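Written below as structure tokens is the structure these notes are about.
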Amino acid sequence: MVVGAGPVGLWAAAELALTGVSVVVLERATERSPHSKALGIHPRTIEVLAMRGLEQRFLDEGTPLSDWHFGMLESSLDFSVLDTPYPFMLAIPQRRTEELLEEHALALGVVILRGHTVAGLDQDDEGVTLRVTGPDGEYTRTARYVVGADGTGSTVRKAAGIAFPGTDTTSYGYVGEVRVTSPAVVSAHNEHGALISVPLGGDRFRIAGVDAHNNGAADPFTLEALRETTIRVAGTDFGMHDPSWLTRFGNATRVAETYRLGRVLLAGDAAHRHLPAGGVGLNVGIQDAMNLGWRLAAVARGDADPALLDGYHEERHAVGEDLAEHTLAQSALITATTPEVTGLRSLLSSLVATVPEFSLALARKLSALDVTYPAVGHPLVGTRVPGLFSLLRTGRPVLLDQTGSLGEEVTALAAAAGVDVVVGEQSWTGAAAVVIMRPDGHVWWASDHADDGEVTTALQALGRFRR
């Protein structure tokens, strides 16, 4: 069972159903929120979608933006130089992202129950029992495993007793979605605070930022409050009127102590909380679900030892810690208006503009193209597979034999291990002669020699997805 029908929960459920695992999603809200907390999909997430053949649905509706920001610095990052077929941030509202992911999940047989609130859970060696309140009252439901994708206030995380260490909120930001009579795309940072305005379509804009003069989360956030801070920071209120969403958020930053406790696993905001800087939250969450999905599916089918799930925490917790670090850094750059931070912003902005390697490193970090999992053996092991996404659409590992010289016994062994076999040279510059790709698009094993014995040993060690 998956708790939470946001993008992360929907992707986790779809990954399970892709290989035949029965999965139910419980969502406390009776209807999808009309508001979109996230407005974009980053390059690695588009690659994730491409691995399942879904990317075109999003590309058809989104708007590609080749420039993006880090900490609202004056100089923007150039995504167009990234080593991916999708060198841009794809602007698309979270609501539409959820709709498309739900269509995908339902087509795979996922059951989604809305209006079902999880109140608690108990687990033992056999499964997890959830206490749920639904439209017809209270009930319990047992699953072999439970994925908590239920946000920063995760009931699943709390009920499982997983600690959520980190820093408390020290500064508050705001979001207002309004109609404007004088539209303009603005990014501003000065002694009064920071502000960015983003078009949502037509005359509706999102205005978000921080106010150096009013940091009180207890104060009601009204249209007038938004107007006052916008005028102070940007010098105009853009003729704002007719607000559809006004909210505040804090910069508390936390990472779950463990992403797995027994039969309970966490993904997305349930596993990490941070300032929504750079629009990375939804993306890291979907990438969590991608890493978890194939592992949990293999274990649930009985094709892998449950220890395979330990690799999920080992790999993704490190990503969560890195996420916390760079969003804290961005928080300082955005929220502080002291002369020291102003000087730091000027220095970093100059480096982004004049040192391509520095700009590229930040762009790869925000886009998640820099994620490489710790591994031993061939240098390619743990790295991201560039391109070849169509080979991974089944959700199974892939043995890529670029030489075509492996014997029939080896390919038969691969099939028996649940591994798809692809023979023939592919468009992967610098790839090894033989590569085993994980279902999430990272290299599992590689060799520069197409040796039947060596590949056989690797497949036997792999077994049915065993590490």
For residues in segment 22-54 being of a type in the set (D, E, K, R) and closer than 15 Å to residue 367 by Cβ, which is nearest to the chain's Cα centre (by Cα)?
44
Residue check for residue 232: assigned by TED's automatic domain parsing to the domain that holds residue 346, at pLDDT 90 or above and either farther than 30 Å from residue 316 by Cβ or crowded, with 17+ Cβ neighbours inside 10 Å (or both):
no
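Does residue 169 fit the bill of being farther than 22 Å from residue 28 by Cβ and not in a strand (DSSP E or B)?
yes
Tell me which residues, restricted to segment 42-88, are hydroxyl-bearing (Ser, Thr, Tyr) and either in a loop (DSSP other than H, G, I, E, B) or surrounded by fewer than 18 Cβ atoms within 10 Å (Cβ to Cβ) (or both).
Here is the first cut: in segment 42-88, the ones hydroxyl-bearing (Ser, Thr, Tyr) are 45, 63, 66, 75-76, 80, 84, 86.
Result: 63, 66, 75, 76, 80, 84, 86.
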Where a residue in segment 45-68 is closer than 17 Å to residue 293 by Cβ and its partner, wherever it lies, is of a type in the set (Gly, Ala, Ser) and not in a loop (DSSP other than H, G, I, E, B), with Cβ under 9 Å and at least six apart:
45/367; 48/289; 50/390; 51/390; 52/14; 53/390
By residue number, the members of segment 400-439 that are exposed (fewer than 14 other Cβ atoms within 10 Å of the Cβ) and at positive phi are 404, 424, 430
Pairs please, first residue from segment 103-122 and farther than 21 Å from residue 11 by Cβ, second anywhere and loosely packed, with under 15 Cβ neighbours inside 10 Å, Cβ atoms under 8 Å, 6+ apart in sequence or on different chains.
115/29; 115/30; 115/135; 117/133; 119/133; 119/138
Any residue in segment 333-356 that's in the same structural domain as residue 278 (by TED's automatic domain parsing): show its pairings with residues that are of a type in the set (Lys, Arg) and assigned to a helix (DSSP H, G or I) at Cβ separation under 6 Å, as long as the two are six or more apart or on different chains.
333/345
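Residues are listed down the side, and each one gets a yes or a no for (1) surrounded by 20 or more Cβ atoms within 10 Å (Cβ to Cβ); (2) at pLDDT 95 or above; (3) of a type in the set (D, E, K, R); (4) closer than 27 Å to residue 95 by Cβ:
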position: 239; (1), (2), (3), (4): no, yes, no, yes
position: 287; (1), (2), (3), (4): yes, yes, no, yes
position: 290; (1), (2), (3), (4): yes, yes, no, yes
position: 303; (1), (2), (3), (4): no, no, yes, no
position: 316; (1), (2), (3), (4): yes, yes, yes, yes
position: 337; (1), (2), (3), (4): no, no, no, no
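Yes/no per residue for (1) in a strand (DSSP E or B); (2) surrounded by 15 or more Cβ atoms within 10 Å (Cβ to Cβ); (3) not assigned by TED's automatic domain parsing to the domain that holds residue 75:
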| site | (1), (2), (3) |
| --- | --- |
| 147 | yes, yes, no |
| 152 | no, yes, no |
| 182 | no, no, yes |
| 189 | yes, yes, yes |
| 199 | yes, yes, yes |
| 207 | yes, yes, yes |
| 214 | no, yes, yes |
Given (1) within 30 Å of residue 348 (Cα to Cα); (2) at pLDDT below 95, index of the condition residue 46 fails
(2)
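The values are calculated or read from the model by the stated rules, or taken from the named source; none is laboratory data. These figures come from a predicted structure and were not determined experimentally. Every residue, glycine among them, receives a Cβ derived from its backbone with ideal geometry; neighbour counts consider all protein chains shown.
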